[in-house]
1. Could you check how many residues of the stretch 45-91 are farther than 19 Å from Ile126 by Cα and aliphatic (A, V, I, L, M)?
2. What residue, among those in the stretch 82-125 that are small (Gly, Ala, Ser), without any contact (Cβ under 8 Å) to a residue 40 or more places away in the chain and outside any helix (DSSP H, G or I), is nearest to Thr45 (Cα to Cα)?
3. Within the set of pairs 6+ apart or on separate chains, which have a first residue in the stretch 49-73 that is free of Cβ contacts under 8 Å to residues at least 60 places away in the same chain, a second that is acidic (Asp, Glu) and in a loop (DSSP other than H, G, I, E, B), and C-beta atoms under 8 Å apart?
4. Can you work out which of the residues in the stretch 5-38 that are acidic (Asp, Glu) and in a helix (DSSP H, G or I) is farthest from Ile145 (Cα to Cα)?
5. Among what's in the stretch 53-95 and is of a type in the set (Phe, Trp, Tyr) and under 22 Å from the mean Cα position of the chain (by Cα), pick the residue that is surrounded by the fewest Cβ atoms within 10 Å (Cβ to Cβ).
6. Pick out the one residue from Ala151, Ala142, Ala129 that is closer than 22 Å to Arg49 by Cβ, touching a strand residue (DSSP E or B) at 6+ places or on another chain (Cβ under 9 Å) and surrounded by 21 or more Cβ atoms within 10 Å (Cβ to Cβ).
7. With surrounded by 15 or more Cβ atoms within 10 Å (Cβ to Cβ), modelled with pLDDT under 95 and small (Gly, Ala, Ser) as the only criterion, which of Ala135, Ala117 stands out?
8. Would you confirm, using the coordinates I've provided, whether Thr35 is assigned by TED's automatic domain parsing to the domain that holds Val155, in contact (Cβ under 8 Å) with a residue 12 or more places away in the chain and farther than 29 Å from Glu166 by Cα?
Amino acid sequence: MTATSTFSVALANETATSELMADLALLIGAGDVITLSGDLGAGKTAAARALIRYLAADDTLEVPSPTFTLAQSYELPSFPLVHADLYRINDASELEEIGLSPLPDDIVALIEWPERAPDAMPADRIDIAFSHRPALGSAARAAEITGYGQAAAKVARLHELRRFLERAGFLNARRERMPGDASTRSYARLRNDDGSVILMNSPRVPTVRRSTTAGPTARRCISPKTSGRSSRSETACASTASPRRRSGTPISNPASSSPRISARRA
């Protein structure tokens, strides 16, 4: 049975949609497939546009709907991305004509209307289903985010990341993309009325070694609990601030729930 992970988000307006997509952008990479489903006008293209603009670090980038072109390619700083719209697809065999069958491994595929070719969608993918919420306002939407197969872990992490931001008081902060480094870490600058912080997402790695190095940066290893048990293979390390760290102090200590998501005052 394919593993899944699901959570739902209430989106009061298009800004809230952009914040969700910016958070997702921290976790994705080449080879990932994101499908956007929902009725006409539910916000799929707005979500795609927000994600592409964030990854491009350009709020003014023109991101047209690919309803007529079927697919639009973008050379983004981190990886190439293909934005596709399958609304006018009549048969899954047509996906080969637009370069989506088979899906290239070196791109992020962002696909609207996956319902038009359900059998062609990969087993490992993130689906975001948008729906109208007229009782909450004309611009209000709900999003149900589901990770299938290997993508389930990324959706679970996205949920934890957003809960961490809510606890820290930065869930509604403005997100600004920051360039990454040579590691697997990703960063974002968050701004609100209280100031700005730098959010760091540092994915778990298969093997880690305990560090006893003293000085400005100390590292501690934590075995995250899963169903009441800890797995040695999932052991992760979290950076903790020592008294001499100059980069600031943590907003909160996320180690108890997600040891490798942290935010520091900019």
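1. The total comes to 7.
2. Out of the qualifying residues, it is Ala84.
3. Arg53/Asp59
4. So the first thing to find is which residues in the stretch 5-38 are acidic (Asp, Glu), and the list is 14, 19, 23, 32.
Imposing the further condition that a residue be in a helix (DSSP H, G or I) reduces the set to 14, 19, 23.
Working: Glu14: 17, Glu19: 14, Asp23: 12 Å.
Going through the qualifying residues, I end up with Glu14.
5. Phe79
6. Criteria check complete, one pass: Ala151.
7. The conditions single out Ala117.
8. No: the conditions fail for Thr35.
The values are calculated or read from the model by the stated rules, or taken from the named source; none is laboratory data. Computed from a predicted model, the values in this text were never measured in an experiment. Using ideal geometry, Cβ is built from the backbone for each residue, glycine included, and neighbour counts are taken over all protein chains shown.
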